[in-house]
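Coordinate-derived values only; no laboratory data. The shown structure was predicted, so the numbers you read here are calculated from the model rather than taken from an experiment. Counting neighbours? That spans all protein chains shown, and the Cβs are built from the backbone with ideal geometry, glycine included.
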Amino acid sequence: MRLFAHLLLVMLIMISPASADEVPSAVLETAAGLLPGEAPDAVSAAPVKGFYQAIYGPKVVYISADGKYLLYGDLIDLDKNVNLTEDARKTGRVEILGQLDEAGMVVFEPARVTSTITVFTDTSCGYCVKLHREMATINAGGVKVRYLGYPRAGTQSPTFETLVSVWCADDPQQAMTDAKAGLSIEKKSCPTAIGRHIEAAQLVGVRGTPTIVLQDGQVIPGYVPAGELVEIANAAAEQAVN
C-alpha cells in the first residue's frame, strides 16, 4: 500500500497544474492517499491562504500546507457571494459527462440548438414521464436533451431491461416516448452505454431521477416545468461560454 501511495504521489507531481515548488509534497502525498487507487484530477492553491484544493471529479477537498488537516465542505466568497467549491464541482461534472460518447445516448435535438442538458432518466419514473411529455416545448426553446439511462432499481430490474430495449430499438427516440407513455415496446438486447451512464451517475452524485445536468455543470435534482427549464438551460449555456 505504501509503494502504491508513492507511485500515486509521483503521478500527482507530474499532472498537477502547479509545479512541485508551488504544491508542497506533503499536500500531494495526502491527496494521493485520500481515495485508495484514485489520484485527484488536479491539485492547486486554494483561495484561502495556507490551503490547497484537490479535485476528484465533482468532489473537492481542501488540504493544509503541511498535509495534516483536511476540510470538506463549501468554501464561500462572502464579498462576491459565490460558492467557490460548487464552481469547482461544476467543472468536474462537465469533465465527467464530456467523457461519454453522445452516440451512446438517446438524444432529442431541435433544429436550432441554443443549449444542451443531460438528463439521467428512468422509464418508470413519474417525473421523468412528466418531463418527457414537455419535450416539444423544451426543444422549441432551443434546448437539446441528452438522455442517460439510470435504472433506479438496479441492473437486475425490469426497468433496466426496458431501458436496454429503448437503447437497442430501431428508433430509440420513439421507443423512449412509447415506454414513458406506458406502452409496450419490443424487447431487445444489445451492447449499450448504460453501464457507463450508471458509473457517471455515481460520480456526479445522482440520487434519483430525473437528474438534470446543465451545460455549465449545475445540477437540478428533479423535475422543472418546461418553460422554466428552457430559461435556466439557456442561461447556463451562456455562463458556460463566458
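Considering only alpha-carbon pairs that sit under 8 angstrom and 6 or more positions apart, the relative contact order computed for the chain is 17 percent. Cα centroid separation, region 41-76 to region 112-178: 36 Å.
Remark: the Cα gyration tensor places region 197-242 in the oblate category, a/c being 1.5 or greater and a/b not exceeding b/c. Note on residue 183 and residue 239: with the Förster distance fixed at 30 Å, the Cβ-Cβ geometry gives a FRET efficiency of about 0.20. The Rg/Rh ratio for region 24-109, using Cα coordinates for both the radius of gyration and the Kirkwood hydrodynamic radius, is 1.08. Rounded to the nearest 5, the antiparallel percentage of DSSP beta bridges internal to region 104-241 is 55%.
Going by the alpha-carbon gyration tensor, a ≥ b ≥ c the square roots of its eigenvalues, is the chain rounded (a/c under 1.5) or, if a/c is not under 1.5, prolate (a/b greater than b/c) versus oblate? Numbers along the way, then the final one.
Values: a/c = 2.78, a/b = 1.76, b/c = 1.58.
Cα axes put the chain in the prolate bin.
Note on residue 187: aspartates and glutamates with a C-alpha under 15 Å away, same-chain residues under 8 apart excluded, are 161, 170, 171, 178. Of all beta bridges DSSP finds with both residues in the chain, what is the antiparallel percent, to the nearest 5? Within the chain, antiparallel bridges account for around 75 percent of the total.
Gain on full extension, evaluated as 0.36 nm per residue between residue 35 and residue 153 minus their Cα-Cα distance, stands at 39.8 nm.
Label sites at residue 107 and residue 70, each approximated as a point 7 angstrom past Cα along Cα to Cβ, lie 3.9 nm apart. Per-peptide packing, taken as the mean over residues of other Cβ atoms within 10 Å, places 103-113, 199-209, 183-193 in the sequence 199-209, 103-113, 183-193 from highest down. Could you pull out which residues in region 32-64 have an amide N less than 12 Å from a spot 7 Å beyond the Cα of residue 82, following the Cα-Cβ vector? Only 47 fall inside the zone, counting backbone N under 12 Å.
Ranked highest first by average number of other Cβ atoms within 10 Å, how do 212-225, 80-93 line up?
212-225, 80-93
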